[in-house]
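Notes follow once the structure below has been shown.
The values are calculated or read from the model by the stated rules, or taken from the named source; none is laboratory data. Values in this document were obtained by computation on a predicted structure and should not be read as measured data. Quick reminder, even Gly has a Cβ in these numbers, built from the backbone with ideal geometry, and neighbours come from all protein chains shown.
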């Protein structure tokens, strides 16, 4: 449980992005193979991977070794079995299609009216039809083209093609941009086993094409006269002409997706295939814990000791420890991101008494980033001699190098500081000196600030920050 807590604390923004990318890849693969026979093989391979990971975690050496050798053969088999799907996925993922495909396949709003008019007439006459709108993906390797037409898109052309006595009515019409490219095209059938019985060969063919590309298909049922749009492996039936036209326009006409449509699109995306999205997220998180979790390391560092809350009437005498050695445990990334200020050791002197005081150093004395734990502290004990202290004001004497010009004198501000030390030592001190300061530097700058040196050891100046004084020259009469 402690290791799990450490791992949760170690999750960073980079890790979240890492998990999101893997979840997106898993979702893309599962949705691409969903409904195909290859999906069953993919589930089997994933199951084998889960068994392998479980065997490795449980220490089943023989099972782990056998699966480890099997993976090389499995990868070769996967490439052979999924060759068409892999080729199609790489083609869909190619950035070239986003640069070259869209401008040639845009549909203008007036052509939507022609399509709606033709579909309405065909549905009224109970004439079955499939109209394929090519979008970004190339369909050359997916469909078998029939008769090449290269005619303008019009309602009359659609009605003429799908007349029952037309030689081209038994097939799909391919539309690219503003032109009817071909008629009598043969589409690949879907292998979806759970398709509703109400859908016939036309719907299965349209579904099969959208499983392999981003094409949009309009299907008219000959039996029921229903109009459906098949897109992204989803069949949507429209009973109202206005709804059908709006859906077609939003899908095909550039710039017609307004803010509300985008909002609905986002909501629809989150709701669609939500079980697959949840599965992809769960799997990616599980993989991250399995892969990143074991990557725990240790690091030894030297940490400065900070003493706090020393009573004003007390003082540390003799030598005291300034640093301790600490071994830290955590993820490789967490340890690599440590900086000098990430780890601090603090000793609270609020309850000390006069004499020798003993402190046990534990994890409570160290401040470490989330996800990092302390495995060892050396030394584990601390001894401090504390004695009663008092304070008195002493003068500050500058330590000068160089020759002081005539008719000038040194001015120090402040001229006195309050020194705190044990009484025996404080009686011996009447002044403190500064660090060496050059006369020429003061003449050039006009004034300079230098630190005050505190002697003897154990004495300190009552100041939060290291004490500095200003040294300047002043002319005398």
| task | Could you tell me whether the range 164-178 includes any residue that is farther than 12 Å from residue 132 by Cα, assigned by TED's automatic domain parsing to the domain that holds residue 109 and modelled with pLDDT of 85 or more? | result | no
| said: Looking at the range 296-324 only, could you name the residues that are at positive phi and touching a residue at least 60 places away in the same chain (Cβ under 8 Å)? | reply: 318
| task | For the range 125-138, enumerate the residues that are assigned to a loop (DSSP other than H, G, I, E, B) and in contact with a strand residue (DSSP E or B) (Cβ under 9 Å, 6 or more places away or on another chain). | result | 126, 127, 128, 134, 135
| message | Return the residues of the range 208-235 that are over 39 Å from the mean Cα position of the chain (by Cα), part of a loop (DSSP other than H, G, I, E, B) and at negative phi; say none if nothing qualifies. | response | 221, 222, 223, 224, 226
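Select from the range 139-167 the residues that are in a loop (DSSP other than H, G, I, E, B), within 48 Å of the chain's Cα centre (by Cα) and exposed (fewer than 14 other Cβ atoms within 10 Å of the Cβ) and list them in ascending order. Break it down into steps so the answer makes sense when it comes.
We begin by selecting, within the range 139-167, every residue in a loop (DSSP other than H, G, I, E, B); these are 139-143, 145-146, 153-154, 162-167.
If we keep only those that are within 48 Å of the chain's Cα centre (by Cα) too, we end up with 139-143, 145-146, 153.
Residues satisfying the conditions are 140, 141.
Could you tell me whether the range 308-326 includes any residue that is part of a helix (DSSP H, G or I), surrounded by fewer than 18 Cβ atoms within 10 Å (Cβ to Cβ) and modelled with pLDDT under 75?
The answer is no, given that none of the residues of the range 308-326 is part of a helix (DSSP H, G or I), surrounded by fewer than 18 Cβ atoms within 10 Å (Cβ to Cβ) and modelled with pLDDT under 75.
Quick check, is residue 369 assigned to a loop (DSSP other than H, G, I, E, B), at pLDDT below 90 and surrounded by 16 or more Cβ atoms within 10 Å (Cβ to Cβ)?
It is true that residue 369 is assigned to a loop (DSSP other than H, G, I, E, B), at pLDDT below 90 and surrounded by 16 or more Cβ atoms within 10 Å (Cβ to Cβ).
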| task | Any chance you could count how many residues in the range 215-236 are touching a strand residue (DSSP E or B) at 6+ places or on another chain (Cβ under 8 Å) and either at pLDDT below 85 or over 15 Å from residue 251 (Cβ atoms) (or both)? | result | 3
| said: Please go through (1) part of a strand (DSSP E or B); (2) more than 30 Å from residue 329 (Cβ to Cβ); (3) in contact with a helix residue (DSSP H, G or I) (Cβ under 7 Å, 6 or more places away or on another chain); (4) without any contact (Cβ under 8 Å) to a residue 60 or more places away in the chain for residue 403 and return the number of the only condition it doesn't satisfy. | reply: (1)
| note | If we keep only residues of the range 177-207 that are in contact (Cβ under 8 Å) with a residue 40 or more places away in the chain and assigned to a helix (DSSP H, G or I), then the residue surrounded by the fewest Cβ atoms within 10 Å (Cβ to Cβ) is 202
| remark: Note on residue 406: of the conditions (1) in contact with a strand residue (DSSP E or B) (Cβ under 9 Å, 6 or more places away or on another chain); (2) more than 25 Å from residue 454 (Cβ to Cβ), unmet is (1)
| request: State yes or no: is residue 111 in a helix (DSSP H, G or I), surrounded by 12 or more Cβ atoms within 10 Å (Cβ to Cβ), within 35 Å of the chain's Cα centre (by Cα) and at pLDDT 70 or above? | output: no
| said: Any residue at all in the range 247-270 that's in a loop (DSSP other than H, G, I, E, B), modelled with pLDDT under 65 and in contact with a strand residue (DSSP E or B) (Cβ under 8 Å, 6 or more places away or on another chain)? | reply: no
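If you check 471, 422, 454, 411, which single one turns out to be closer than 30 Å to residue 319 by Cβ, in contact (Cβ under 8 Å) with a residue 40 or more places away in the chain and not assigned by TED's automatic domain parsing to the domain that holds residue 356?
Criteria check complete, one pass: 422.
Report yes if residue 294 is under 30 Å from residue 42 (Cβ atoms), in a loop (DSSP other than H, G, I, E, B) and at pLDDT below 80, otherwise no.
yes
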